[in-house]
Each structure stands twice: as structure tokens, then as C-alpha cells.
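Quick notes on the structure that follows.
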Amino acid sequence: MSLIQFLRILAARKSIIFATLIACFLAALVTVQLLPKRYESHNRVLIDITKPDALVGQISPQMMGAYIATQLKLITDVQTAGLVVDSLGWATDPNNQAAFEAAGRPGGDIRDWLAQQIADNTQAKFAEGSSIIEIVYRGTDPANTQAIAQAVREAFLKLNRDQRVNTAQRSAVAYDEQAKRILTEITSAEEQKTAYAKANGIVLNGLTDAESAKLSAMSGVSAMPTAPQMVAGAQVNAQAEMLKQQIAQAKLTLGPNHPTLQALERQLSVAERQSSSGPSMVGGTTRGQVEAAYEAQKARVLAQGDKIDKLNQMQNDIAVKRDQYTKLASMSEQMKAIARAGDSNLEPMGSTNLPDSPVWPNKPLIVGMAAAFGLGLGVVLALFVELFARRVRSEDDLEYATGAPVLATVGQPRPENSASSRLLRLIDRRGAASSDAVAEA
């Protein structure tokens, strides 16, 4: 079928095409009047990423996409919509209860049913190139749409704050439990260290035992190029210091009236009197005696070196545990402070707009699409009718129907003055001229 034949069919069946077009056009006009109007209300939320989050730390650019996607999903989640239902009191509204019963949902929860409706009409999108989330809600009434959109934003911010507070509280409890466990371990380690020191007769003064401290003092005395009286006085001072350490160790296990403790206190009293009396009381001490005492003390320190090393290791372990306890206690207090503050890195931006015109139905779009559909449907119907009632309207139709060439035409049909007839004759003449040119070639 040539183009001119196709156009002749459309021209002959133009009444069908126009009728279908007008019918679809009128149906679209009626439809847009009957469709319920839909309004959109917008508001925004700003994500503050300029400062580190005390709970999750600084959000890296790689994690920002996943973080924002999570927030967008949370806005349209039924959990957020459920808070909106609670704030608006929809679950106790008689009209909503009647609609819920009419929906035929036995055994269901009206709160979840209403929350799902809110979630289905809520959209959230991220403004590219910024840290702003836009919340959009669609409803059938402008004021109600604005109220629900505002409630959705408030519910989202509240849910975000509650989640942060709950997370901070759980973290604080976890840190407290770890800190208590570390403190119990510290107490046990202290008891083990004390028991070990008592069993081996070792007294620690900070990180140094008494015997090593005495050896260090005697080493300094033996190396001094002083008179014998000064050497002897230094030795007496070292002996007094050792007695003090022994008395401190004995008080841990002995009572105040124990003979051994009293003997040590008497020896300390004599040493202190000798030290305060000056060089005249110890003037008989020779340098050789000081060196002999130093060597004897050195031998005692070397003999219990392994025990002192183990005791020092136990002391170092306790110091490490104390550091862990301090850090855990600090983290616990930080989490408690976050829970008490109840803030978040999300802030509302501006107010929720009151829609003044509906966004649906889109009348120009619907009518235009209906007109295009009616035109296409009319063409299809015209061709379909022509298929079952084929007519010969030109030489081309006759050639197509008989399969033989037309040799001559007898008589001329009455000319038609309509625009479609003139257009067809113009196309027909151009087609004939094109055919003659091809034949001459």
C-alpha cells in the first residue's frame, strides 16, 4: 500500500478518526474533573557534617553516600510514619477506625495500616551537591498535607535523636561493664602482688624494692671520696631507711604489739639517734667496712633478682590495667554526656509550605495524552473498518485489487473542493511526476 492510498483511506474514514478523537478528548476532560486532587508539601533537613560526630566520629566521603541513603530510607520507613500516626492521634479517630474496618483487615493493627498509608505518600530525596534532604508528602487537602509533612519531619528528627540516645546509653553500659571487670582484675592483681611480696619478704617503694634502694644508697656512699666519718654516717642513714621499709612490710602482717615489730622499731630508733648525733658516734667505721657491707647487700639483691623482676612485672601489668580502666571510665562518661544532651547532627531548615495548587491531576498532560491516544485509536479503527469494507477509490486501488495495470480511465469523477481532496490531488500529481521521471530514466 502506497502513501497516497493510505491517505485516501484516512480521508475517507475521517469521520471515524474525528469521532474517536473527540470522544477521548471529552473523556479526558470529564476524568480530570472527577479525579481527586493531590497536593504536595515540602520541607528540608540539613545534615551537619562540618564537625565530628561524638558518637560515630567524622563521616568520611566514602561513607557519606551510605549514611544519606540510610537517612532517606528512615524517612519513608513505617517506624517513622508510626510516630506520625501517634502524634496526630489517627488510631483513635472514629473515621479512621471505620475505614480500617471497611478495608477488611481482621486481626491487623490500625496503627500499622495508617502508617503504611503515610509511608506510601512520603518521598525523600537528596539535593545533589549539598547536605540537604528534602521531604515531600502528597495529600488530598492542603492544610492536612502541610500538617502531615511537618509531622513526618518532626518524627524523623525525634527518631534520629532517640536512636542516638539509645546507642549512647547502650555504649555507656558496655563501657561501665568493661571498666568494672578491669577494676576487679586490678584488685585481684594487687592482692596477688601483695601476697607474693609477703611470701618472699620483698617491700616495694614505688617501682623499686627496699633492698635495691639500700644498695643504691650504699653504692653512692662507697664511691664518695670522703672521710670515714661521713661514710659511716651515710651507712647509718641507709640502714635506717631499710629498717623503715621492713617496718612497713611487717605492719601488713603483724600487730602493733608483736615482738618482731617492736624490735625493728627499737633498731630504727637507735639508727635515727646515731644519724642525728653526727659523725662522732660513727667515726670508727672504716671504708673497708662500708665496702664489705656494700658487697653483702649486692649479693642479697642478686640472690632475689628473679623474684624482684616478677614483682616488677606484676606491677607493670597493674599499671596497664589501670590505664585501661581510666580510658573505659572516660568513654563511659562521654557516652552518658551524649545521652543526656540528646542532640543530633540533623537540623530542620525553614518551615513546611502550604500548597496553593494541586500537582495532580495534571490537566494539560492528561488531555494532551488523551488527544494523542484518540487520534491513534481513530487511525487504527479507520484501517480496521477499511480492512472489512475495502473500496476502489483510484487507479492504484484497482491495480492493487486486480493485480493488473490500468490502461485507460473513462470519464472523470466530479472534482472535490475540500482541503483533503486538494491535498490528495497535489500528492497524487507529485507521485505521478516522480513515476514519469523514473520511467524516462
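The values are calculated or read from the model by the stated rules, or taken from the named source; none is laboratory data. As the structure is a computational prediction, the values presented were derived from the model and not from experiment. All Cβ positions, even for glycine, are placed from backbone atoms using ideal geometry, and neighbour counts span all protein chains on display.
Taken as a whole, the condition of being in contact (Cβ under 8 Å) with a residue 12 or more places away in the chain and closer than 18 Å to residue 138 by Cβ applies to residue 35.
Only residues that are among the β-branched types (Val, Ile, Thr) and exposed (fewer than 13 other Cβ atoms within 10 Å of the Cβ) were counted across segment 174-198, and they come to 2. For segment 190-205, check the following and say yes or no: at least one residue is over 26 Å from residue 268 (Cβ atoms), touching an Asp or Glu at 6+ places or on another chain (Cβ under 7 Å), at pLDDT 80 or above and outside the structural domain of residue 264 (by TED's automatic domain parsing). Checking segment 190-205: not a single residue is over 26 Å from residue 268 (Cβ atoms), touching an Asp or Glu at 6+ places or on another chain (Cβ under 7 Å), at pLDDT 80 or above and outside the structural domain of residue 264 (by TED's automatic domain parsing).
I need the full set of residues from segment 95-132 which are under 21 Å from residue 154 (Cβ atoms), of a type outside the set (Gly, Ala, Ser) and not in a helix (DSSP H, G or I), in order please. 121, 122, 123, 125, 126, 132 - these are the residues of segment 95-132 that are under 21 Å from residue 154 (Cβ atoms), of a type outside the set (Gly, Ala, Ser) and not in a helix (DSSP H, G or I). When residues in segment 390-411 are screened for being of a type outside the set (Ser, Thr, Tyr) and either modelled with pLDDT of 70 or more or farther than 21 Å from residue 7 by Cβ (or both), 7 of them pass.
Annotation: of all residues in segment 353-379 being at pLDDT below 90 and among the polar types (S, T, N, Q), the one that is nearest to residue 44 (Cα to Cα) is 357. Can you say whether residue 181 is out of contact with any Lys or Arg (no Cβ under 7 Å at 6 or more places or on another chain) and closer than 18 Å to residue 67 by Cα, as far as the supplied structure shows? Judged against the criteria, residue 181 is not a match.
Conditions tested, residue by residue: (1) closer than 24 Å to residue 190 by Cα; (2) in a helix (DSSP H, G or I); (3) touching a helix residue (DSSP H, G or I) at 6+ places or on another chain (Cβ under 6 Å); (4) of a type outside the set (Gly, Ala, Ser).
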site	(1), (2), (3), (4)
308	yes, yes, no, yes
314	yes, yes, yes, yes
319	yes, yes, no, no
335	no, yes, yes, yes
340	no, yes, no, yes
344	no, no, yes, no
352	no, no, yes, yes
358	no, no, no, yes
364	no, yes, no, yes
